[in-house]
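Novice: This is the structure I have questions about; it appears just below.
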Amino acid sequence: MLNAIWIGFLLTAIAAALVQFLAYGRNDIFALLMKAGFDNARTAFEIALGLTGVMCLWLGVLKIGERAGFLDRLARLLAPLFARLFPAVPRGHPALGSITMNMAANLLGLDNAATPMGIKAMKELHELNPDKETASDAQILFLVINASSITLLPVTIFTYRAQLGAIDPTDVFIPILMATYCSTLAGFAFVAARQRIRLDRVVLAWIAGITAAIGGLALYFAQLPAERMAPQSALLSNFVLLGLIAAFLVGALVKRVNAYEAFIDGAKEGFQTAVTIIPYLVAMLVAIGLMRASGALDLAVDGVRGLVAGLSYDARWVDALPTMLMKPLSGSGARAMMIETMQMHGADSFAGRLASVVQGSTETTFYVLAVYFGAVGVKRVRHAVAGGLVADLAGFAAAVAAAYLFFATTA
């Protein structure tokens, strides 16, 4: 499927460029496409280069935690749940601890920590995969949950809104939480149905517990004054992260583990992994860049706007459609679309707030596919793309519903 999607992106971009050349006389469109291809190839390399240091750091830290026994204890704690979600993964396997760490980092919005932990989990799951070129059920479920992961503290979005003049930069907090939770549930439900995962009392109890915990934290942050919400969320995130590192180091001392050597071993793995993903990133980001430069996304937005207006429905949500369309393709592209929407309509406009909620509703599906599956050389992704897109669609629908619920009277 990934092959068909990649070819589809490229051919769609070329077709859209031809339309612009023939119908609108855009003689520069082909040069723009070639420039976008070269620029995005360079961007892919720069992303991988920037990721190298982060990978070395966090895989080094994780290696200390692994040798100190923390990941093993985490896996044992979650064994009843993971035995049902990942039946092919043996109890106590290191992948389960890495999955837990990745999910926790995503929950706290710690992207720099979540990606290395996620890649480590994917590599450990790949060791159990009998067909090295085809994604296993466990890898697909993990990827879809990761790509739609609940983000409790979207500090970056708060920061951009503050910079662009929002009166209350954190007023999108609850809508974002609602949207991202819906996307995660939808992605999980899709994969659970495809893989026939049984939702027994243990699974339902965990879902209920996570829902209650997220709801409690949401209520806590919602009652904070606007000026305290972002600093408090940043404080919590950084405190948890540094506390985790400290716990790993103390555990290494207690167990007489050589923490420095463990860190170096993990950092070496991080460097090798970062180099491995470069070709996959280049392939995906070049295709996405051509799509954007060709005007295909603009044509889609104009078509939807005309259709919605023709049906006499409220078309205000269409102003956030560029962010929705870009989000599964490119995180930086979606961020640029969100900023552009807030600059054009205002940070406190309906479109500006909706674009912010959309930006926080899901992860970047195709980037995650390229990085995670590229790190282990998977070529046949089976229903992973469909699961990610189902989560994206649910997140976008929930974002629109939440925006109308909270900000319907906003211009």
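Novice: Output the residues belonging to region 375-407 that are within 27 Å of LEU128 (Cα to Cα) and surrounded by 24 or more Cβ atoms within 10 Å (Cβ to Cβ).
Specialist: Hits for region 375-407 are VAL378, ALA384, GLY387, GLY388, ALA391.
Novice: Another one. Consider MET34 carefully, then state whether it is surrounded by fewer than 21 Cβ atoms within 10 Å (Cβ to Cβ), modelled with pLDDT of 85 or more and assigned to a helix (DSSP H, G or I).
Specialist: yes
Novice: For region 347-374, what are the residues that are polar (S, T, N, Q), at pLDDT 90 or above and surrounded by 21 or more Cβ atoms within 10 Å (Cβ to Cβ)?
Specialist: Across region 347-374, the qualifying residue is only SER356.
Novice: A further question on this structure: Out of all the residues in region 342-362, is one or more closer than 17 Å to ASP392 by Cβ, in contact with a Pro (Cβ under 8 Å, 6 or more places away or on another chain) and either hydroxyl-bearing (Ser, Thr, Tyr) or not in a helix (DSSP H, G or I) (or both)?
Specialist: Checked against the condition, which is being closer than 17 Å to ASP392 by Cβ, in contact with a Pro (Cβ under 8 Å, 6 or more places away or on another chain) and either hydroxyl-bearing (Ser, Thr, Tyr) or not in a helix (DSSP H, G or I) (or both), region 342-362 yields at least one hit.
Novice: Report, by residue number, each residue of region 295-323 that is aliphatic (A, V, I, L, M) and either in a helix (DSSP H, G or I) or in contact with a Gly (Cβ under 6 Å, 6 or more places away or on another chain) (or both).
Specialist: ALA296, LEU297, LEU299, ALA300, VAL301, VAL304, LEU307, VAL308, ALA309, VAL318, ALA320, LEU321
Novice: With the requirement that a residue be assigned to a helix (DSSP H, G or I) and farther than 26 Å from TYR367 by Cβ, what does region 16-29 give you?
Specialist: Of everything in region 16-29, those that are assigned to a helix (DSSP H, G or I) and farther than 26 Å from TYR367 by Cβ turn out to be LEU18, VAL19, GLN20, PHE21, LEU22, ALA23, TYR24.
Novice: Next question. Among the listed residues ALA394, ALA398, ALA402, which satisfies the condition of being over 17 Å from the mean Cα position of the chain (by Cα), over 21 Å from SER136 (Cα atoms) and assigned to a helix (DSSP H, G or I)?
Specialist: Testing whether each residue is over 17 Å from the mean Cα position of the chain (by Cα), over 21 Å from SER136 (Cα atoms) and assigned to a helix (DSSP H, G or I) leaves just ALA402.
Novice: Continuing with the same structure: Can you tell me which residue is nearest to GLY388 (Cα to Cα) among those in region 292-336 that are surrounded by 20 or more Cβ atoms within 10 Å (Cβ to Cβ), basic (Lys, Arg) and at pLDDT 80 or above?
Specialist: LYS327
Novice: Kindly list, by first and then second residue, each pair from a residue in region 181-200 that is under 17 Å from LEU393 (Cβ atoms) to a residue that is among the charged types (D, E, K, R), limited to pairs with Cβ atoms under 7 Å and residues at least 6 apart or on different chains.
Specialist: Every condition considered, the pairs that remain are SER183/ASP392.
Novice: Considering only region 339-354, I want to know if a residue exists there that is under 21 Å from ALA296 (Cα atoms) and among the acidic types (Asp, Glu).
Specialist: Looking through region 339-354, at least one residue is under 21 Å from ALA296 (Cα atoms) and among the acidic types (Asp, Glu).
Novice: What number of residues in region 158-176 are within 17 Å of VAL400 (Cα to Cα) and either over 14 Å from the mean Cα position of the chain (by Cα) or outside any helix (DSSP H, G or I) (or both)?
Specialist: Looking only at that region, the number is 5.
Novice: Every residue in region 1-28 that is at pLDDT below 90, among the aliphatic types (A, V, I, L, M) and either more than 30 Å from PHE373 (Cβ to Cβ) or over 31 Å from the mean Cα position of the chain (by Cα) (or both), please.
Specialist: Of everything in region 1-28, those that are at pLDDT below 90, among the aliphatic types (A, V, I, L, M) and either more than 30 Å from PHE373 (Cβ to Cβ) or over 31 Å from the mean Cα position of the chain (by Cα) (or both) turn out to be VAL19, LEU22, ALA23.
Listed here are the residues, each with its yes/no results for (1) within 20 Å of PHE38 (Cβ to Cβ); (2) without any contact (Cβ under 8 Å) to a residue 60 or more places away in the chain.
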position: PRO279; (1), (2): yes, no
position: VAL286; (1), (2): yes, no
position: GLY289; (1), (2): yes, no
position: LEU311; (1), (2): no, yes
position: LEU325; (1), (2): no, yes
position: THR364; (1), (2): no, no
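Novice: Of everything in region 54-81, what is at pLDDT 80 or above, assigned to a helix (DSSP H, G or I) and surrounded by fewer than 19 Cβ atoms within 10 Å (Cβ to Cβ)? Give them in sequence order.
Specialist: Within region 54-81, LEU57, PRO80, LEU81 meet the criteria.
Novice: Being closer than 23 Å to VAL254 by Cα, touching a residue at least 40 places away in the same chain (Cβ under 8 Å) and within 21 Å of the chain's Cα centre (by Cα): is that true of TRP58 here?
Specialist: Considered against the rule, which asks whether it is closer than 23 Å to VAL254 by Cα, touching a residue at least 40 places away in the same chain (Cβ under 8 Å) and within 21 Å of the chain's Cα centre (by Cα), TRP58 comes out as yes.
Novice: Another question about this same structure. So, in region 379-391, how many residues would count as being under 16 Å from ALA283 (Cβ atoms) and either without any contact (Cβ under 8 Å) to a residue 24 or more places away in the chain or within 19 Å of the chain's Cα centre (by Cα) (or both)?
Specialist: Summing the residues that are under 16 Å from ALA283 (Cβ atoms) and either without any contact (Cβ under 8 Å) to a residue 24 or more places away in the chain or within 19 Å of the chain's Cα centre (by Cα) (or both) in region 379-391 gives 2.
Novice: Right, here's the next one. Tally up the residues in region 16-30 that are surrounded by fewer than 12 Cβ atoms within 10 Å (Cβ to Cβ) and within 16 Å of LEU290 (Cβ to Cβ), please.
Specialist: 1
Novice: Quick one: SER98 ticks every box in (1) among the hydroxyl-bearing types (Ser, Thr, Tyr); (2) over 24 Å from GLU269 (Cα atoms); (3) in a helix (DSSP H, G or I) except a single one, so which number is it?
Specialist: That leaves (2) as the condition not met.
The values are calculated or read from the model by the stated rules, or taken from the named source; none is laboratory data. Keep in mind the model is a prediction, meaning the values are calculated, not measured. Cβ atoms come from the backbone with ideal geometry, glycine included; neighbour counts cover every protein chain shown.
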